[in-house]
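Some notes on the structure that comes next.
Every read-out reported here was derived from the displayed coordinates using simple, explicitly stated rules and does not represent laboratory data. In this text, all values refer to a predicted model and were calculated from it rather than measured experimentally. Cβ placement follows ideal geometry from the backbone for every residue including glycine, while neighbour counts extend to all protein chains displayed.
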Amino acid sequence: MPRTTSAKKALRQSEARRVRNLSVRRSIRKTIKQFETSVASGNLEDTKSQLQAVFKVLDKAAKTGVIKKNKSSRLKSRLSLRLKKASVSGAESQV
């Protein structure tokens, strides 16, 4: 346990940051899962709006330092690819 007042304050700050970061990470996972389910359902309109929501959450997390910028970019790229593949396969099945 910390003894000095500055160490006690640092502990309080790190605990608050940890809780905040966990909340952001959970929201990232939740929105990505919602995107995955909308891709699986095949509704392109809903999927595009879900992708925008995922982008927004990822950008905010990268901006505040919860995740790194390159991780955000990598996830956005992979999710965009998944949407593109789903739209192409959906178009082929309609023909």
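Details
- Some residue of the range 34-48 being aliphatic (A, V, I, L, M) and within 30 Å of Met1 (Cβ to Cβ): no
- Residue count for the range 1-57 satisfying the condition of being more than 30 Å from Leu81 (Cα to Cα) and of a type in the set (Ser, Thr, Tyr): 4.
- Every pair of residues 6+ apart whose Cβ atoms lie under 6 Å, when the first sits in the range 1-24 and is part of a helix (DSSP H, G or I) while the second is surrounded by 11 or more Cβ atoms within 10 Å (Cβ to Cβ): Lys8/Pro2; Leu11/Pro2; Asn21/Val66; Val24/Ala61; Val24/Val66
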